[in-house]
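The structure appears right after this line, and notes come after that.
The values are calculated or read from the model by the stated rules, or taken from the named source; none is laboratory data. Fair warning: this is a prediction, and the values are worked out from it, not measured in the lab. Counting neighbours? That spans all protein chains shown, and the Cβs are built from the backbone with ideal geometry, glycine included. Please note that ligands, DNA and RNA were not included when accessible areas were found on the heavy atoms of the full protein model with its side chains. Shrake-Rupley method; radii C 1.70, N 1.55, O 1.52, S 1.80 Å.
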Amino acid sequence: MLVEDDQTLNFIVKDNLEQAGYVVVSVDDGLAAIRAFKAEKFSLCLLDVMLPKKDGFTVAREIREINDHMPIIFLTARSMTEDRINGLTI
């Protein structure tokens, strides 16, 4: 699952992953991400941190409540140490 609200970046990442042979479900906000995660089975979640409706850290926490072994990779322009620590502890 790819969660990215920037339409251009969403298209580029999704297109490249699909060209590499992956099946990608993409959504553009945090609420849609939770709905998609509950409805489908995913092998990996790529989450933007700054999302509308629910931020990526909140989405990750909710995903962890459902499946605490789901691999999550954060996509973000944020570089503060506290953001890195927050992402690594979810």
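For segment 1-26, which positions are open to solvent by 60 Å² or more (accessible area, probe 1.4 Å), among the aliphatic types (A, V, I, L, M) and under 14 Å from residue 45 (Cβ atoms)?
23 - this is the single residue of segment 1-26 that is open to solvent by 60 Å² or more (accessible area, probe 1.4 Å), among the aliphatic types (A, V, I, L, M) and under 14 Å from residue 45 (Cβ atoms).
Considering segment 18-31 alone, what residues qualify as being among the hydrophobic types (A, V, I, L, M, F, W, C) and in contact (Cβ under 8 Å) with a residue 12 or more places away in the chain?
Result: 24, 25, 27, 31.
Report the residue count in segment 31-55 for those that are closer than 15 Å to residue 66 by Cα and either among the hydroxyl-bearing types (Ser, Thr, Tyr) or touching a Gly at 6+ places or on another chain (Cβ under 7 Å) (or both).
Total meeting the criteria: 1.
Only helices (runs of 4 or more DSSP H) wholly contained in the chain count here; list those with 2 or more residues that are at pLDDT 95 or above.
Passing ranges, in order: 7-19, 30-39, 56-66.
Identify all residues within segment 27-65 that are acidic (Asp, Glu) and either closer than 11 Å to residue 5 by Cβ or surrounded by 19 or more Cβ atoms within 10 Å (Cβ to Cβ) (or both); write none if there are none.
28, 29, 48, 55
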